[in-house]
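Structure record follows, encoded as structure tokens.
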Amino acid sequence: MTQYNLFNVIRGAFTRQTHWERAWRDPEPKKHYDVVIVGGGGHGLATAFYLAKNHGITNVAVLERGYLGGGNVGRNTVTVRSNYLLEGNHHFYEHSLKLWEGLSRELNYNVMFSQRGVLNLAHSDAQMDAFARRGNAMRLAGIDSDLLSREEVMKFCPDLDYSDETRFPIYGGLLQPRAGTARHDAVAWGYARGADMRGVDIIQGCEVTGFEKTGNRITGVKTTRGTIGAGQVANCTAGHTTQIAAMAGLRVPIESHLLQAFVSEPVKPHLDTVVTFGAGHFYMNQSDKGGMVFGGDLDGYNSFAQRGNMPVVEHVVACALTVMPNLGRLRLLRHWGGIMDMTMDGSPIIGKTPVDNFYINGGWCYGGFKAIPAGGWVMADTIAHDRPHKLAEAFALDRFERGALLDEGGKGPVPNLH
């Protein structure tokens with residue numbers, strides 16, 4: 001496949017750029033694969049890529065019901081960070097951040113990773129104490145973090161509301177300078193191209209409708225394009241983890257909610273970092289095209305819908321004006337909804353299941369996008385060796401039986417906080 005580089009762009013100038021090949025093939029499904037991955041989002045494609053690249057397993061199919069980039073990987077606010085408190089989390093997310101830092105080069109595809117920093121705002125002395133604890137834990141683990149005073153936050157991000165009348169006065173903040181954003185659909189396209197180059201079949205428009213089982217093993221995947229034999233099956237269907245797991249006979253501790261996000265009309269450079277406002281549950285950054293990208297709270301009821309509603313629009317707009325009143329005359333351009341799988345402790349499930357050859361990568365709550373590289377990395381290793389990867393041991397499904405939950409303050413809201 002033609003490499004993306006300056007030489008080939010110049011060469012194409014003499015052929016009207018007609019020499020470029022399709023970024024990935026459109027194959028018909030084979031009768032059998034060593035590994036079938038259900039879900040062609042970020043985690044599914046990353047798993048396929050690392051199976052081929054790190055383990056030499058290329059007889060792999062990725063089954064996607066819709067089209068690449070049409071699911072949750074294209075329906076988020078693109079924040080990438082590793083500012084977690086607990087050991088079970090921060091080593092995994094830091095590994096992911098390191099993979100992000102070299103991802104464009106590894107994929108030969110520009111995912112537009114921008115390390116502009118992520119700033120968590122603090123609005124009380126107690127919150128500053130909690131941030132100091134989390135920041136110290138991160139530093140002890142070798143992760144960058146800076147605890148900023150109110151004056152340092154004012155200097156770093158001058159357009160926030162620091163007036164005496166504001167409802168949520170800013171006391172300071174916790175900054176992770178290496179965190180940032182990436183282009184969401186480019187991540188899907190880059191992993192798809194890389195996996196396809198190594199022989200993985202990416203099959204779009206192929207919905208899974210059930211499984212064939214012999215004893216405690218899955219032997220085939222029933223789809224709208226026929227039954228496909230499978231040696232191992234991975235469930236990487238963010239938003240629909242419970243439904244695919246139910247087809248395998250499993251009930252998993254996950255509930256699904258709608259989460260909405262918004263982008264404004266483009267404006268001149270205004271915000272060169274990511275700001276999170278935990279007291280109101282709001283986060284924002286500015287896209288490379290100039291639009292202000294906002295996210296807020298989720299709908300307070302279970303749903304598989306992907307449509308918006310006015311209560312969340314009002315909530316997000318109110319939060320935006322609370323922390324940055326000068327956005328008041330900005331017009332919203334569009335908004336979108338994604339389905340979130342939420343576990344009861346807010347951390348994901350990665351690894352083996354009670355079904356012998358069936359694996360799960362899901363339950364990411366608000367954090368699935370930033371974890372795509374590491375999620376795919378450890379999932380591929382788990383499938384290749386049929387045992388949990390060391391970085392994902394804390395995310396085992398049976399932690400809910402053992403009571404070994406991850407009481408993590410850095411991950412964001414969990415179901416019982418909504």
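The values are calculated or read from the model by the stated rules, or taken from the named source; none is laboratory data. Note that the coordinates shown come from a computational prediction; the quantities given were computed from them, not determined experimentally. Counting neighbours? That spans all protein chains shown, and the Cβs are built from the backbone with ideal geometry, glycine included. Only protein heavy atoms, including side chains, enter the accessible area calculation; ligands, DNA and RNA are left aside. Shrake-Rupley method; radii C 1.70, N 1.55, O 1.52, S 1.80 Å.
Listed here are the residues, each with its yes/no results for (1) open to solvent by 10 Å² or more (accessible area, probe 1.4 Å); (2) touching a helix residue (DSSP H, G or I) at 6+ places or on another chain (Cβ under 8 Å); (3) over 26 Å from L258 (Cβ atoms).
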residue	(1), (2), (3)
I349	no, yes, no
D356	yes, no, yes
F369	yes, yes, no
T382	no, yes, yes
D386	yes, no, yes
A396	yes, no, yes
Pair list, Cβ < 6 Å and 6+ apart or interchain, from the range 148-176 residues that are touching a residue at least 12 places away in the same chain (Cβ under 8 Å) and within 18 Å of R134 (Cα to Cα) to residues that are open to solvent by less than 20 Å² (accessible area, probe 1.4 Å) and polar (S, T, N, Q): G173/N120; L174/N120; Q176/N83; Q176/S145
Residue that is surrounded by the most Cβ atoms within 10 Å (Cβ to Cβ), among those in the range 301-316 that are in contact (Cβ under 8 Å) with a residue 24 or more places away in the chain and aliphatic (A, V, I, L, M): V316
The range 365-404: number of residues that are hydrophobic (A, V, I, L, M, F, W, C) and at pLDDT below 90: 1
Residue count for the range 60-106, restricted to those that are in contact with a Gly (Cβ under 6 Å, 6 or more places away or on another chain), open to solvent by 40 Å² or more (accessible area, probe 1.4 Å) and assigned to a loop (DSSP other than H, G, I, E, B): 1
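Looking only at strands (runs of 3 or more DSSP E) that fall completely inside the range 127-219, which ones have 2 or more residues that are surrounded by fewer than 18 Cβ atoms within 10 Å (Cβ to Cβ)? Let's see the steps before the verdict.
Values: elements: 146-149, 172-176, 201-204, 208-214.
Correct list: 146-149, 208-214.
What number of residues within the range 220-260 are assigned to a strand (DSSP E or B) and either charged (D, E, K, R) or in contact with a helix residue (DSSP H, G or I) (Cβ under 7 Å, 6 or more places away or on another chain) (or both)? Steps first, answer last, please.
Filtering the range 220-260 down to residues assigned to a strand (DSSP E or B) leaves 220-223, 226-235, 254-260.
Okay, now just the ones that are also either charged (D, E, K, R) or in contact with a helix residue (DSSP H, G or I) (Cβ under 7 Å, 6 or more places away or on another chain) (or both), so 222, 232, 234-235, 254-256, 260.
The number of residues fulfilling the criteria is 8.
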Scan of the range 1-52 for residues that are of a type outside the set (G, A, S), under 22 Å from the mean Cα position of the chain (by Cα), in a helix (DSSP H, G or I) and farther than 14 Å from G190 by Cα, ordered by number: L51
Subset of the range 113-129 [of a type in the set (A, V, I, L, M) and in contact with a strand residue (DSSP E or B) (Cβ under 8 Å, 6 or more places away or on another chain)]: V118, L119, L121, A122, M128
